Amino acid sequence: MLGLPTATVRGSGEIRGSSFTRRGILRTSVALAGAAAPGLAAPSSSSSDVTAKSCIVIYLWGGIAHQESFDPKPEALAELRGEFEPIPTSAPGVYYSEHIPLLAQHADKIAVVRSLHHHTGAHGPAMYTSITAQKSPQGKAKDRKNWPSLTAMVSRFCDFDPGTPPAIAMPYLNYDNGALIQGQFGGWLGVDYDPIMMKTPAGKPYGGVSRYTNHELELKLGLGRGRVETRQTLRERLEREVGADADFQRFDRFRQMASDMLLSSPVKEAYDLDQEDPRIRMMYGDHVGGQSMLLARRLTEAGVPVVQVNAGAGDLAGGNGDNWDTHRGHFPKMKNRLLPVFDRALAALLTDLEQRGSLEETLVCVLTDFGRTPKINNNGGRDHFPAVFTQVLAGGGIQGGLVHGSSDRNGARPQSDACAPADFHATVLQGMGIDPRTELQDLEGRPFMICDGRPLPLFA
């Protein structure tokens, strides 16, 4: 097979792991004024070129195959190449898989990081590493000693109005065979930074198992203010003597936030997708994957600083559902069930943000567990492969059309500019005007630097 034209790759061409020389100069400063618990006050953005005001985190639970998405390998050995063809994109010299053609038209807005790697091959610990940039402690999902998720950490430094959550995740949390996965909460930041779980109110569900067991918020759009206030008063009378342990505090905060949103928050209006232009809704598609990304756009416009969309079935359940854990029938599942929804939804989000003039104010990042093994297994599926994988960024000051780093011809190892999840996190933090070197204190007063990575040189 003929090789592809060479893309312009940003980086030095050397493999250095997560300690590569930093190219971008961080201009944000740390402001230690004010009182915010836990820890120090948020750093204020003093950089004139920080444009992002909100962040949409898209998580592909299970591990999307880089070869069948943003890093095709037409020059790989025949037994490793896969079934999909590469296609040209709107970015000169950059090729994507043929089954994300809509995203290929947006490549000039997207920065692709093709040289990520870590050392964790199991889903739960790999997600923890990807979403927190830390090694998994193998503990309980909601342990307050866990590291905060990227969604929670970014929200810690954002401004938001009363009654508006600092972060929302939807349409459900991620599980593996019924076990809730670590890393999806506020961890040592405390309960106030646990993302509020919200059900997406419309859309064809992902096939497979998805669990609603974490008090997901489903706003009752037809409930009048008087009924909400009456119920709230009655509940307060009945629960006056209830204790205030950690579990109750978390539930009470969640419930109070729900009441605030029902009474006065613009979040309630944003949640009502029927208010959206029907043509825009159609652009996203009638699947919950697309409707969730539309809701994410509406929520960020309503003042929610960070929204996470889990784009796949919520429970891996052995890879049987519509998630990215494709151990069997990898190619037909990617072609027919996974990539079409993802391609349409994310392309619609980028189109929508651009048309509304808010793409530069919204940082969009796509994360996943890991990539796929170069060799397809005997069940026609892929297996776990953290040695190299791909994630992408768009909007929020990101220079589109860039490719950072590369994997080798077989998609087996980083070939240039290897980087780690911590570097990806540092890039997101910098894009949101947050100094990755900022120190915060946990609930016990211990100081932590929020990220030990170095921002990738992806900003315009």
query: By a straight-distance test (C-alpha under 29 Å), which lysines pair with LYS335 as possible cross-link partners, with residues fewer than eight away in the same chain excluded?
result: LYS73, LYS109, LYS199, LYS204, LYS375
- line: Here the relative contact order (percent) of region 395-460, from C-alpha pairs under 8 Å and at least 6 apart, is 36
query: What is the order of ILE434, ILE87, fewest Cβ neighbours within 10 Å to most?
result: ILE87, ILE434
Which of ASP192, ASP71, ASP49, ASP343 has the fewest Cβ neighbours within 10 Å, and the rest in rising order: ASP49, ASP192, ASP343, ASP71
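What whole-number value in cubic angstrom gives the convex hull volume per residue for the C-alpha atoms of region 364-423?
105
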Hydrodynamic radius by Kirkwood, which averages 1/r over all alpha carbon pairs of region 77-142, in angstrom: 14.8
- prompt: Can you pull the percent of Cα pairs in region 147-210 with separation above 15 Å?
  reply: 56
- prompt: When a footprinting reagent is the concern and you count Cβ atoms within 10 Å, what order do LYS199, LYS73, LYS140 take, fewest first?
  reply: LYS140, LYS199, LYS73
field: Equivalent ellipsoid dimensions for region 316-384 as semi-axes, Å, which come from the Cα gyration tensor, largest first
entry: 30, 13, 9
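Readers should treat all values here as calculations from the given coordinates under stated rules, not as data from a laboratory. Only a predicted model underlies this, so the values are computations on that prediction, with no experimental measurement involved. Methodologically, a virtual Cβ is constructed for each residue, glycine included, from the backbone with ideal geometry; neighbour enumeration extends over all protein chains shown.
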